[in-house]
Amino acid sequence: MPTQPQRNLETFPNPRPGREYEISFACPEFTCVCPKTGQPDFAIIRIWYCPEQLCVELKSLKLYLWSYRNEGAFHEEVTHRIFDDLVAALSPRWLLIEGDFYVRGGIHTAIRVGKGTIPDESQERINCRRSHDV
């Protein structure tokens, strides 16, 4: 049976819970649907976090993000929902989500939601990554 989208974020134990380190993802093929027009919206979803006890499993993250492709949601709502679900699943030391939506109607939209204090060296990498991503 083909893989299907799902809203379940699976986790696994952090292999180094006593060490502070950063995990980052860029998901350049995110899609959802504009609730006003029914047209598809495309975005790069960027995720940076420092795990505490749990890490997110990548295939479940992919299927989770895929589950939004036919759902009507404003950019702000979908970004906050992804953030809330990751916080609930992981309880990370810190987390930053960015929904970087492609130009629509002549307007580029980027939504950033964060939790915790991001160390300066991580913030520098985040800024660099944003400028070099897809």
- Message: What distance in nm lies between label points placed 7 Å from Cα along the C-beta direction at Arg81 and Lys62?
- Response: 2.2
- Pairwise Cα inverse-distance average, inverted: Kirkwood Rh of the chain (Å): 15.4
- Task: Go ahead and estimate [θ] at 222 nm for the chain from helices alone: -39,500 (n - 2.57) per DSSP H run with n ≥ 4, summed, over the residue count, rounded to 500.
- Result: -9000 deg cm²/dmol
- Task: Check every DSSP H run in the chain and write down those whose alpha carbon atoms cover 15 angstrom or more along the long axis and whose mean Kyte-Doolittle hydropathy is -0.5 or greater.
- Result: 75-90
- For segment 1-125, what's the relative contact order in percent, using C-alpha pairs closer than 8 Å and at least 6 residues apart? 28
- Exposure proxy order (Cβ contacts within 10 Å, fewest to most) of His75, His108: His108, His75
- Message: Neighbour counts of other C-beta atoms within 10 Å: give me Val78, Val113 arranged from fewest to most.
- Response: Val113, Val78
- Find the Cα radius of gyration of segment 73-121, compare it with 2.2 N^0.38 Å by division, and give the number to two decimals. 1.29
- Query: Quick one: longest stretch of the chain between exposed loop trypsin sites (Lys or Arg not before Pro), exposed meaning at most 14 other C-beta atoms within 10 Å and loop per DSSP?
  - Reply: 70-134
- Per-residue Cβ neighbour rank within 10 angstrom, fewest leading, Tyr21, Tyr102, Tyr64, Tyr49: Tyr21, Tyr102, Tyr64, Tyr49
- Task: For segment 1-47, calculate the relative contact order in percent as a whole number, restricting contacts to Cα pairs under 8 Å that are 6 or more residues apart.
- Result: 30
- Distance in nm between pseudo-label sites at Gln123 and Ile107 (7 Å out along the Cβ direction from Cα): 2.8
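Quick note: the coordinates plus some simple rules give every number you see, no bench work behind them. None of these values were measured; they are calculated from a predicted model. Using ideal geometry, Cβ is built from the backbone for each residue, glycine included, and neighbour counts are taken over all protein chains shown.
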